[in-house]
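Visitor: Supplied in structure tokens, the structure appears directly below.
What follows draws every value from the coordinates through simple rules; no lab data is involved. Note that the structure is a prediction, hence the values are computed from the model and not measured. For neighbour counting, all protein chains shown are included, and Cβ atoms are generated from backbone atoms with ideal geometry for every residue, glycine included.
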Amino acid sequence: MPNSKLFTLSEAIKRYIPDGGSIAMGLSLESLIPFAAAHEMIRQQKRNLTLIGPISDMLFDQLIGAGCVRAVRAAWVGNVITGSGYNFRQGIESKTLHIEDHSNLTLALALRAGAMGVPFMPTYTALGSDLFKTNPNLKKVVCPFSGDELTAVAAINPDITIVHVQRCDEYGNAHAWGNLGVTRDACLASRLVILTAEEIVKPDVISRDPNRVFTPGFRVKAVVHCPWGGHPSPVPGYYNRDHQMFIDYRNESKTTGLYAKWKNRWVDNVDSHQKYLDLLGPERITRLAIKNHVYAETVDYGY
């Protein structure tokens with residue numbers, strides 16, 4: 001039997017997230033965003049990170065405001081429910097933040113190339129766009145078979161991919177469901193994977209439904225039991241999106257001073273995950289928790 005990969009969140013981030021590393025996060029678009037992991041990165045004052053992800057909602061903005069980020073390779077950064085990310089905007093305007101602009105598709109193709117172990121993926125997308133002006137990892141090439149002009153999207157291989165999942169065993173075999181976005185390819189493209197999970201389950205729970213395992217356990221370095229670790233993003237089957245939290249963050253991050261107060265309350269003074277849950281409060285947790293469970297049809301793996 002392999003060794004257990006269970007860590008506390010603090011231990012996992014301290015051991016496996018180096019200053020200057022490239023980190024893929026927020027890969028399922030608006031769900032399953034690993035906010036708890038990002039907040040621990042802020043508390044540990046990680047520096048000079050490169051963040052990789054398609055949308056990531058306000059997660060990237062929080063890390064940028066905390067001074068953790070040197071560069072972003074993304075399709076969009078902000079607060080989906082309210083628009084702009086103010087820390088991101090300030091980083092661009094002050095020229096302290098380097099941006100590699102992507103569309104959702106070019107970022108997906110870059111991670112697919114990384115997962116396949118090839119140097120680039122060819123596509124028709126982005127031709128005629130301004131992405132070539134800001135992204136040196138997009139090149140125009142000619143197809144050797146048809147003579148058509150194509151875009152070559154260079155592979156992205158993150159140092160670490162961090163994913164929040166519904167359930168996982170202690171050896172890194174996990175189930176996730178809902179919109180997975182580019183999660184699978186990011187995990188396969190990266191050097192190592194960290195999982196935060198709503199539940200830690202027995203291995204036979206995972207092995208009974210092998211098609212739902214989105215990355216092999218041997219690629220996972222750390223597993224963290226972290227209920228509500230995706231809040232305020234939704235986690236299908238567990239809790240809904242906390243819309244008010246996104247609105248509050250918009251109002252409380254418009255200036256550097258306001259953001260510092262928000263960070264002090266929700267991150268800096270939260271020295272345990274239980275303290276974060278206490279800060280949310282039982283009423284809010286009850287309101288957001290899934291009430292109407294809708295289960296998938298049973299499948300038969302019989303032999």
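Visitor: Please find, in a Gaussian network model of the chain (springs between Cα atoms separated by less than 10 Å), the residue of 211, 79, 135 whose mean-square fluctuation is greatest.
Guide: Among 211, 79, 135, the largest mean-square fluctuation in the Gaussian network model of the chain belongs to 211.
Visitor: For a 27 Å ceiling on Cα separation, which of these pairs sit above it: 5/263; 14/261; 95/254; 46/221?
Guide: Violating the 27 Å Cα-Cα cut-off are 5/263.
Visitor: Here's another thing I want to ask about it. Based on other C-beta atoms within 10 Å, arrange 228, 262 from fewest to most.
Guide: Placing the least packed residue first, the sequence is 262, 228.
Visitor: Okay, moving on. Given Cβ point charges of +1 (Lys, Arg) and -1 (Asp, Glu) and nothing else, what value in debye, to the nearest 20, does the dipole of region 64-151 about its Cα centre take?
Guide: 220
Visitor: Do the sum for the chain: with -39,500 (n - 2.57) for every DSSP H run of n ≥ 4, divided by all residues, what is the mean residue ellipticity at 222 nm, to the nearest 500 deg cm²/dmol?
Guide: Per the formula, -8000 deg cm²/dmol.
Visitor: Right, something else. Inverting the mean 1/r over all pairs of different Cα atoms, compute the Kirkwood radius of region 162-212 and quote it in Å.
Guide: 11.3
Visitor: Kindly give Rg over Rh for region 51-132, based on alpha-carbon atoms, with the Kirkwood expression for the hydrodynamic radius.
Guide: Ratio value, two decimals: 1.01.
Visitor: Under 1.5 on a/c is rounded, so check that first for region 82-169, then, if it is not, pick prolate when a/b is larger than b/c and oblate when it is not; a ≥ b ≥ c are the square roots of the alpha carbon gyration tensor eigenvalues.
Guide: oblate
Visitor: Just want the ordering: 103, 4, from fewest to most Cβ atoms lying within 10 Å of their own Cβ.
Guide: 4, 103
Visitor: Just to be sure I understand: with springs between alpha-carbon atoms less than 10 Å apart, which residue in 168, 143, 226 has the highest mean-square fluctuation in the Gaussian network model of the chain?
Guide: Evaluated over the chain, the most mobile residue of the options is 143.
Visitor: So for region 1-58, what are the equivalent ellipsoid semi-axes in whole Å, largest first, each being the square root of 5 times an eigenvalue of the Cα gyration tensor?
Guide: Over the Cα atoms of region 1-58, the ellipsoid semi-axes are 20, 16, 11 Å.
Visitor: When averaged across all projection directions, what area in nm² does the alpha-carbon convex hull of region 261-303 cover?
Guide: 5.8
Visitor: If one computes the Cα centroid of region 1-55 and of region 263-300, what distance in Å separates the two points?
Guide: So the two Cα centres are separated by 19 Å.
Visitor: How many percent of Cα pairs in region 1-110 exceed 25 Å?
Guide: That tail contains 19 percent of the Cα-Cα pairs.
Visitor: Springs between alpha-carbon pairs under 10 angstrom, Gaussian network model over the chain: which of 147, 229, 91 fluctuates most?
Guide: Most flexible of the set in this elastic network: 147.
Visitor: Where Lys and Arg each count +1 and Asp and Glu each count -1, what net charge lies around residue 176 among other residues with Cβ under 11 Å from its Cβ?
Guide: With Lys, Arg at +1 and Asp, Glu at -1, the net is +2.
Visitor: Moving to a separate point now. Looking at the chain, I'd like the Rg to Rh ratio, where Rg is from alpha-carbon atoms and Rh is Kirkwood's inverse mean 1/r.
Guide: Across the chain, the Cα-based Rg/Rh ratio is 0.98.
Visitor: Same structure again: May I ask you to list the trypsin sites (Lys or Arg not before Pro) in region 79-175 that are in a DSSP loop and have at most 11 other Cβ atoms within 10 Å of their Cβ?
Guide: Listed in order of number, the matching sites are 95.
Visitor: Write down the radius of gyration of region 121-208 and its Dmax, each obtained from C-alpha positions, in Å.
Guide: 18.5, 53
Visitor: Could you line up 298, 161, 96 from fewest to most neighbouring Cβ atoms inside 10 Å?
Guide: Fewest to most other Cβ atoms nearby, the residues stand as 298, 96, 161.
Visitor: Quick check on region 224-275: take the gyration tensor over C-alpha atoms, sort the square-rooted eigenvalues as a ≥ b ≥ c, and tell me if it's rounded (a/c under 1.5), prolate or oblate.
Guide: Since a/c reaches 1.5 but b/c is at least a/b, the shape of region 224-275 is classed as oblate.
Visitor: Please say if region 23-182 is rounded, prolate or oblate, where rounded means a/c under 1.5 for a ≥ b ≥ c the square roots of the C-alpha gyration tensor eigenvalues, and otherwise the choice is prolate for a/b larger than b/c and oblate otherwise?
Guide: Taking the square roots of the gyration eigenvalues as a ≥ b ≥ c, region 23-182 is oblate.
Visitor: Whole angstrom only: what separates the Cα centroid of region 178-221 from the Cα centroid of region 92-132?
Guide: Region 178-221 and region 92-132 have Cα centres spaced 25 Å from each other.
Visitor: Rounded to two decimal places and with Rh computed the Kirkwood way over Cα pairs, what is Rg over Rh for region 51-90?
Guide: Expressed as Rg/Rh, it is 0.91.
Visitor: What percent do you get for the relative contact order of the chain when only Cα pairs under 8 Å and 6+ apart count?
Guide: Computed value for the chain: 20 percent relative contact order.
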